[in-house]
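> Supplied in structure tokens, the structure appears directly below.
The values are calculated or read from the model by the stated rules, or taken from the named source; none is laboratory data. As the structure is a prediction and not an experimental result, all values here were calculated from the model. Because the Cβ atoms are built from the backbone with ideal geometry, glycine has one as well, and the counts that use them run over all protein chains shown.
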Amino acid sequence: MTEESHTPAEPSQVSTEQQTWRVLAHASALIQFLGPPSVVGPLVVWLLRRNDPVVEPHARAALNYQLTLLIYFIVGGIAAVVLFFTIIGIPFSILIVVFLLLLVVLEVVFAILATLAASRGEVYDYPMSLGLIK
């Protein structure tokens, strides 16, 4: 696939409001540090702007990534707890917790990269993201 296939055609005029919303779609994932889960920000942007062809691809990409991470955290958390209560599973449980902590760091890094891409008008292709919302 070429780079152009990931980025929809940019309208000739993007309003300041559209630019703000598409950047906010990605940056809003950082709201998790204030308390709510990181899926809340992208979900709100997607629900409010899903009919806007400039903002929707950004909001969908951010929402898909945050939903994917939520699945990873739930499955990893359950696996870590279950493995912790087995004698042989304690080292694996620790590895899973380390992996989940690494995911938090990557979540922040990818959210920043996606925010910067959105400010340039590019849709960021999040790694490890499932296409849950079409």
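> Taking residue 124 and the conditions (1) assigned to a loop (DSSP other than H, G, I, E, B); (2) among the aromatic types (Phe, Trp, Tyr); (3) more than 22 Å from residue 14 (Cβ to Cβ), which numbered condition does it fall short on, given that it satisfies the others?
Going through the list (1) assigned to a loop (DSSP other than H, G, I, E, B); (2) among the aromatic types (Phe, Trp, Tyr); (3) more than 22 Å from residue 14 (Cβ to Cβ), residue 124 breaks only (3).
> Quick one: in segment 65-88, which of the residues that are of a type in the set (Ser, Thr, Tyr) and under 21 Å from residue 37 (Cα atoms) is surrounded by the fewest Cβ atoms within 10 Å (Cβ to Cβ)?
For segment 65-88, the residue satisfying everything is 72.
> Within segment 80-113, count every residue that is in contact with a helix residue (DSSP H, G or I) (Cβ under 6 Å, 6 or more places away or on another chain), among the hydroxyl-bearing types (Ser, Thr, Tyr) and not in a helix (DSSP H, G or I).
Counting residues in segment 80-113 that are in contact with a helix residue (DSSP H, G or I) (Cβ under 6 Å, 6 or more places away or on another chain), among the hydroxyl-bearing types (Ser, Thr, Tyr) and not in a helix (DSSP H, G or I) gives 0.
> Turning to a different aspect of this structure: Considering each residue of segment 121-134, count those that are under 15 Å from residue 55 (Cβ atoms) and either more than 12 Å from the chain's Cα centre (by Cα) or modelled with pLDDT under 90 (or both), and give that number.
4
> Based on what the data block shows, is residue 119 buried (at least 20 other Cβ atoms within 10 Å of the Cβ) and either closer than 27 Å to residue 14 by Cα or in contact with a strand residue (DSSP E or B) (Cβ under 9 Å, 6 or more places away or on another chain) (or both)?
no
> From the list 53, 91, which residue is out of contact with any Asp or Glu (no Cβ under 8 Å at 6 or more places or on another chain), farther than 30 Å from residue 17 by Cα and surrounded by fewer than 17 Cβ atoms within 10 Å (Cβ to Cβ)?
Selected residue: 91, the only one of 53, 91 that is out of contact with any Asp or Glu (no Cβ under 8 Å at 6 or more places or on another chain), farther than 30 Å from residue 17 by Cα and surrounded by fewer than 17 Cβ atoms within 10 Å (Cβ to Cβ).
> Something else now. Taking segment 1-50 as the search range and keeping residues that are at pLDDT below 75 and hydroxyl-bearing (Ser, Thr, Tyr), which one is surrounded by the most Cβ atoms within 10 Å (Cβ to Cβ)?
That would be 7.
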